[in-house]
Amino acid sequence: METKDRTSGAETSAPWLVLNHLSKSYGPVQALMDFSMTVAPGEVIGIVGENGAGKSTLMKILGGVILPDSGSITVDGVAHAGFSVADSMGAGIAFVHQELNLFDNLDVAGNVLIGREKRQGGLLSLLDRRAQRDAVTPLLKRVGATFSADTPVANLSLAQCQMVEIAKALSMDARLVILDEPTSSLPMAETEKLLDVIADLKRAGIAVIFITHRLHEIERSADRVVALRDGRLAGGLPRAEITHDRMVKLMIGRDLKRDAAHGDRPVGAVVLSARGIRTPTRPTKAVDLDLHGGEILGLAGLVGAGRTELARVFFGVDRPLGGTITLNGQPARLRTTTDAVKAGIFLVPEDRKLNGVLLDLPISENISLPNLPAHARRGLVSRLLEMRTAETQRTNLAIKTKTLSNPARSLSGGNQQKVVLAKWLAMKPRVLIFDEPTRGIDIGAKAEIYRLMRELADSGVAILMISSDMEEVIGASDRIAVMHEGAISGYLSPAEFSEENVLLLAVGKKIQDNVAA
Amino acid sequence: MNKKDLGLLTLIIVVGVIVAILNPRFLLPINISNTANLVGLFGLSAIGQSFVIITGGIELSVGSVIALVGVLFVDFVANEGVPWPLAVVLMLALGALIGIIHGLLITKLKLQPFIVTLCGLLIYRGVARFYTQDGTAGFGFGQNFPVLNWLTVGRSYGVPHSFIAMLIVGVIMWIVLHRSVFGRYLFAVGKNEEAARYSGIRTHQVIIWAYIICQILTAIAAMYFAMYTGSISPASQGNFYELYAIAAAVLGGFSLRGGEGSLVGVILGVVLLQELQNLVNLLGIPSSLNFAVMGTVILIGVTVDQQWGNLRARFRPRSAA
């Protein structure tokens, strides 16, 4: 994979935006403490920090949504004590949020110019579609978009939607574009495109703040790194010193031990075996896959390769068009999720908030939900049994909460993911499927999830881990299967693990030289 | 009882005290007994409705089912000579069948509950009117079936049996909704059907059962209404009753988005609605204003409830970002 230096030839000029000693507290919680930084034109700044480190508070202050308790923001030498939303927009600060704010019933131009539509016809105030298109087309060209201004947003991929958001920022003459977790749901190839767009913005003298948990991307694109820890500035790194390990050390205040060597582990018998599985999205392609007990099989591939569809078939959410699934050598009938749960096949889904947890229900009720009859006497739920299970899982997984009767909504992303895991660990898993297990989760919780996966595998559970995060696939798997357009394009053994090999298989090519069989 | 239920109870008592001061006849045993009868009748159907609302659905055919089951029941018992216990079982079976059909259409064919039950509203009303040739099914047969009469319109120590029936159903359904595994599934499906499915719950089954329960309780209510009114004109019997039930559930703290509500709440909602009806009569307000009073009070109640939540949120210390 190309790893060209995207920052070469950058000369940064004097900062125009200065944050002076910002502090903000919510009751007893000090969300931000005496934080200062500067932004110069054309600077790409990576901001890293665990969840709760103060990143979102900082962003809200920059957006003018909340006011700091003390400190000020200086724009072009003018200090603002109360930095409002209007001040923020006036300063040319534009946000591209993790959750995109686009109207998918409008076309691209309609979204870029929302609220500032080009009009015609005087009093009738009709939409001037041609003027809209003419205004937006050059912006799209600047962000390297290949779609036209009248494409409906509903037809765009996630990465393309982000380009629309960036085009929108450009249309408002942004001087600083803040990207909040822009790549967390992007496949590898689209991430590349986004990094290119960042480089273009930089060349045009626009500053970029890039917030992500994917440190690898910061390593490649940022001019400098600002790390937050517990609401304070934990330190900064200039371009030459940005490495994964140094960023982690700043974020968590200590070294993170990487998962030890994988590979020479004894692999158990085949637990789950799929033959000729075809799904409605790609009816002509068939998947054959063997999953062994005690292994973590990483399933890599571009988004749309059919990985999630396969997981849904294994978990009984969708019925396959054809093919057979056997579990421990016996044909398995997986017509509903109930069948899958009974068979001991569990899924930790990709979209935690939509499919993983019930946000408004207490943590304890989330954990007991799949196995409620075991927590009931004569059909009536026993809160005692329920609490006992939840308490065990809380200790087991170190779920951080004051009380288990709090709604799952009150937890951080990492802890919500632990709740999803807890409901399955409270039963006896045979096969555990993780779909993007650490998306949007901070680095400390990530390490815990990997450790849990490893422990489960060691206890004999067969684990299938779908992931678009290259570091994760290579770092946590015992074996990697790569999907390409609805079929498995190849397997990699640990000796063959490399980003190049995964990408080659993901785009449907063969690996050049097999290092080991 | 949660806080919402307590608030509603307080409102019921406050309104009651005001009405009693303005017109002491409010507290006469006969007035209270008659109101209790109406609470029982409407309560039975409102409890059924709340099971559907908890799943995020809605059942608009209730009033028409009350008419259809009413005319069939009266005709079977009075004219066709069907033994009344058998007729009761047949009516319950008809309710269950309607519930199954609605549930299947909504889950398997993915039709919207509003549309399915709106069509039901039209269909069952039409069938009821056709069955009786739009004639009023009148009967003075109460004396001929003393046991049936005692069970439905009888009173013990002045307490109407419809009210007692509602209490019994209420207790059973409270246990089902708030203590049973099935009740948990109902709330889970109502909150987030997809997440419930991803927890291995048979969400379709749960939803179908909610419609079955609703229609069985509606059939019970229909027979009570039929025995109470004594004559049934199929064009008007039960008109708007689904809306009374929905209003009671909303007053009782149910969210039409699903996943929220308590059984005590819906019963208190029914009590408040009947209290308001009674108030219109006792205070000499023109009865044509009946609906207007009811609508105004529901609107105020729901608005206050909503704003109360906002106010509390504003003064609560905010949690950290």
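The values are calculated or read from the model by the stated rules, or taken from the named source; none is laboratory data. Just so it is clear, the structure is predicted and the values come from calculations on it, not from any experiment. Backbone-built Cβ (ideal geometry, glycine too); neighbour counts: all protein chains shown.
Taken over region B:68-83, the criterion of being at pLDDT below 95 and crowded, with 21+ Cβ neighbours inside 10 Å is satisfied by B:GLY70, B:VAL71, B:LEU72, B:PHE73, B:VAL74, B:VAL77. Looking only at residues in region A:396-406 that are modelled with pLDDT under 90 and within 14 Å of chain B (Cβ to nearest Cβ), which one is farthest from A:ALA340 (Cα to Cα)? Only one residue fits best here, namely A:LYS402. Taking region A:372-414 as the range and being touching a residue at least 40 places away in the same chain (Cβ under 8 Å) and under 22 Å from A:GLU436 (Cα atoms) as the test, the residues that pass are A:LEU397, A:ALA398, A:ALA408, A:ARG409, A:LEU411, A:SER412, A:GLY413, A:GLY414.
Among the residues of region B:231-264, the one identified as surrounded by fewer than 24 Cβ atoms within 10 Å (Cβ to Cβ) and in contact with a strand residue (DSSP E or B) (Cβ under 7 Å, 6 or more places away or on another chain) is B:SER231. Residues of region B:260-290 that are of a type in the set (Val, Ile, Thr) and free of Cβ contacts under 8 Å to residues at least 40 places away in the same chain: B:VAL280, B:ILE285.
A:ALA422 meets each of the listed conditions (1) of a type in the set (A, V, I, L, M); (2) under 18 Å from the mean Cα position of the chain (by Cα); (3) within 16 Å of A:LEU359 (Cβ to Cβ) apart from (2).
Counting only strands (runs of 3 or more DSSP E) that sit wholly inside region A:407-517, those with at least 2 residues that are in contact with a helix residue (DSSP H, G or I) (Cβ under 6 Å, 6 or more places away or on another chain) and within 14 Å of chain B (Cβ to nearest Cβ) are A:431-435. Please indicate, with yes or no, whether at least one residue in region A:57-69 is at negative phi, in a strand (DSSP E or B) and either within 13 Å of chain B (Cβ to nearest Cβ) or crowded, with 24+ Cβ neighbours inside 10 Å (or both). Scanning region A:57-69 turns up no residue that is at negative phi, in a strand (DSSP E or B) and either within 13 Å of chain B (Cβ to nearest Cβ) or crowded, with 24+ Cβ neighbours inside 10 Å (or both). The conditions of being within 28 Å of the chain's Cα centre (by Cα), among the small types (Gly, Ala, Ser) and part of a loop (DSSP other than H, G, I, E, B) are met by A:ALA53. Residue count for region B:184-217 satisfying the condition of being more than 8 Å from every other protein chain (Cβ to nearest Cβ) and buried (at least 18 other Cβ atoms within 10 Å of the Cβ): 17.
Looking at A:ALA53, A:ALA94, A:ALA109, just one residue is within 19 Å of A:THR212 (Cβ to Cβ), away from chain B (no Cβ under 14 Å) and surrounded by 21 or more Cβ atoms within 10 Å (Cβ to Cβ), and that residue is A:ALA94.
Test of understanding: among A:ALA189, A:ALA199, which residue is under 23 Å from the mean Cα position of the chain (by Cα) and at pLDDT below 85? Show your work before the answer.
Working: A:ALA199 fails: at pLDDT below 85.
Result of the check over A:ALA189, A:ALA199: A:ALA189.
Inspect region B:50-59 for any residue being outside any helix (DSSP H, G or I), of a type in the set (Gly, Ala, Ser) and under 22 Å from the mean Cα position of the chain (by Cα) and give the result as yes or no. Looking through region B:50-59, at least one residue is outside any helix (DSSP H, G or I), of a type in the set (Gly, Ala, Ser) and under 22 Å from the mean Cα position of the chain (by Cα).
Somewhere in region B:152-160, is a residue in a helix (DSSP H, G or I), within 14 Å of chain A (Cβ to nearest Cβ), surrounded by 15 or more Cβ atoms within 10 Å (Cβ to Cβ) and not aromatic (Phe, Trp, Tyr)? I'd like the intermediate steps shown before the answer.
In the first step, residues of region B:152-160 are kept if they are in a helix (DSSP H, G or I); the result is B:152-153.
If we keep only those that are within 14 Å of chain A (Cβ to nearest Cβ) as well, we get none.
Looking for residues that are in a helix (DSSP H, G or I), within 14 Å of chain A (Cβ to nearest Cβ), surrounded by 15 or more Cβ atoms within 10 Å (Cβ to Cβ) and not aromatic (Phe, Trp, Tyr), one finds none in region B:152-160, hence no.
Checked against (1) more than 14 Å from every other protein chain (Cβ to nearest Cβ); (2) closer than 24 Å to A:ASP360 by Cα; (3) not in a helix (DSSP H, G or I), B:GLY258 meets all criteria but (1).
Which count do you get for residues in region A:339-352 that are out of contact with any helix residue (DSSP H, G or I) (no Cβ under 8 Å at 6 or more places or on another chain) and farther than 15 Å from A:ALA426 by Cα? Of the residues in that region, 2 qualify.
Scanning region A:319-358 for residues that are surrounded by 15 or more Cβ atoms within 10 Å (Cβ to Cβ), outside any loop (DSSP other than H, G, I, E, B) and more than 14 Å from every other protein chain (Cβ to nearest Cβ) yields A:GLY323, A:ILE325, A:THR326, A:LEU327.
Scan region B:161-176 for residues that are among the hydrophobic types (A, V, I, L, M, F, W, C) and buried (at least 24 other Cβ atoms within 10 Å of the Cβ) and jot them down.
First, pick out the residues of region B:161-176 that are among the hydrophobic types (A, V, I, L, M, F, W, C): B:163-169, B:171-176.
The one that is among the hydrophobic types (A, V, I, L, M, F, W, C) and buried (at least 24 other Cβ atoms within 10 Å of the Cβ): B:MET166.
Could we say that B:ASN310 is on the phi < 0 side of the Ramachandran plot and not in a helix (DSSP H, G or I) here? Judged against the criteria, B:ASN310 is not a match. Looking only at residues in region A:366-379 that are facing chain B (nearest Cβ under 7 Å) and surrounded by 15 or more Cβ atoms within 10 Å (Cβ to Cβ), which one is farthest from B:LEU186 (Cα to Cα)? That would be A:ALA376.
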